[in-house]
Amino acid sequence: MADRRLQIFLAVARHRSFTRAAAALFMSQPAVTLQIKQLEALYRKQLFERHHGSITLTPAGELVLSYAEKIIALSDEMEGRLAEMTGEMRGLLLIGACSSIGESMLAPVLSEFNALYPQVRVRLLVANSETVARRVAERVIDLGLIAATLKVPGVKGEVCGSDELIAICAADYPLTGKKAISPTALAEYEYIAREPGSGTREATDAYFRNHQVDPQSLKMQMELGSPEAVKSVVAQGIGFAIVSRWVVEKELEQGTLIGVALKPPLQRNLLLIYPDDSFRTRLADTFMRFAKNKLQEFAG
């Protein structure tokens, strides 16, 4: 078990709030504050800058955070390995997922996995594909699910499904009524893009380039950091976006957004990624097999 003070520090750093960290840890705020003060006294460094209504990490705090994540991950891995020696499937599984997967596909997978292995605790990080891949390479998380090509050293990947991307727009946007549209034609309309580093942005930029459309020439109105933000802005009629069909299934059924097929179609692989030179626990291997099967069923 890692030092409890490090676990509390990690919660405060992630929530950027003593109050929210205390609620997540089921502790009182004064107790959390006391533990952080003890840690600062131990290291003889201030770890947080206190502002009116917010906190930020100091340079020393950033350093402690980088090590605390690794120490706690190793501690949890040790507990899982010890449990394996007795034949139990238990412990903490740290998973990362890009937002297209984490916000639309992963919930039923995690729910079924939890029903099969109730002693396993899953902690999920949702971020863009580049961030997830970096966290896997740094061994902060055990496994990642991304919708992008692998570019981060120290990470391997296995295809676990495929994904179709489509154009979406509001019901009163000029694209409505079209059954399909080419990359060249899309260049004439206002574009709402995902942020650099996301798998969707990587796929769409490559799609336009492959069809002789410079992504820089598009009428880009905004770059947004999540599928939910993209959907919300597109629904206002500001422009079109390109997203995973899975991400907008509900909105397409309800008619709040309109889907337009891309011509030619845009498909991408979904990858399950893991560190390429570290031993994987039986728990991680079990989840990998389970997730691959479920995501392939989902894609099918």
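Each reported figure results from applying straightforward, stated rules to the coordinates on display, with no laboratory input. Bear in mind the structure is a predicted one, so any value in this text is a computation, not a measurement. Cβ: placed from backbone, ideal geometry, glycine included. Neighbour counts: every protein chain shown.
Summary table
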{"quantity": "Reachable aspartates and glutamates from Lys179, criterion Cα separation under 15 angstrom, eight or more residues apart if same chain", "calculated": "none"}
{"quantity": "Efficiency of FRET between Glu249 and Ile71 - r from beta-carbon atoms, R0 30 angstrom, step 0.05", "calculated": "0.15"}
{"quantity": "Helix-only mean residue ellipticity at 222 nm for the chain, each DSSP H run of n ≥ 4 adding -39500 (n - 2.57), per residue, nearest 500", "calculated": "-13500 deg cm²/dmol"}
{"quantity": "Label point distance in nm, Arg282-Glu112, each placed 7 Å from Cα along Cα→Cβ", "calculated": "2.3"}
{"quantity": "Segment 239-286: chymotrypsin sites (Phe, Trp or Tyr not before Pro) falling in loop per DSSP and having at most 13 other Cβ within 10 Å", "calculated": "Phe279"}
{"quantity": "When the convex hull of its Cα atoms is projected in every direction, mean area for segment 1-72 (nm²)", "calculated": "4.4"}
{"quantity": "Order of Lys45, Lys294 under a 10 Å beta carbon neighbour criterion, fewest first", "calculated": "Lys45, Lys294"}
{"quantity": "Proxy reagent accessibility, fewest Cβ within 10 Å first, across Ser75, Ser244", "calculated": "Ser75, Ser244"}
{"quantity": "Radius of gyration, Dmax [the chain; alpha carbons; angstrom]", "calculated": "21.7, 65"}
{"quantity": "Candidates Gly255, Gly239, Gly225: whichever shows maximal mean-square fluctuation once the chain is modelled as a Gaussian network with Cα springs under 10 Å", "calculated": "Gly255"}
{"quantity": "Length gained when the stretch Lys45-Thr184 is fully extended (0.36 nm per residue, less Cα-Cα span)", "calculated": "44.4 nm"}
{"quantity": "Over segment 1-146, volume per residue of the alpha carbon convex hull, in Å³", "calculated": "130"}
{"quantity": "Antiparallel DSSP beta bridges within the chain, percent to nearest 5", "calculated": "55"}
{"quantity": "Cβ-derived FRET efficiency at R0 45 Å, Asn293 paired with Leu63, nearest 0.05", "calculated": "0.65"}
{"quantity": "Alpha carbon convex hull of segment 164-268, projected area averaged over orientations, nm²", "calculated": "5.6"}
{"quantity": "Helix runs (DSSP H) in the chain reaching 18 Å along axis by Cα, Kyte-Doolittle at least -0.5", "calculated": "29-43, 59-85, 282-299"}
{"quantity": "Relative exposure of Leu165, Leu125, judged by other C-beta atoms within 10 Å (fewest first)", "calculated": "Leu125, Leu165"}
{"quantity": "Cross-link reach list, lysines versus Lys178, counting only Cα pairs under 29 Å and skipping chain neighbours closer than eight places", "calculated": "Lys219, Lys231, Lys250, Lys263"}
{"quantity": "Set of lysines with alpha-carbon distance to Lys45 below 23 Å, sequence-local pairs under 8 removed", "calculated": "Lys37, Lys70"}
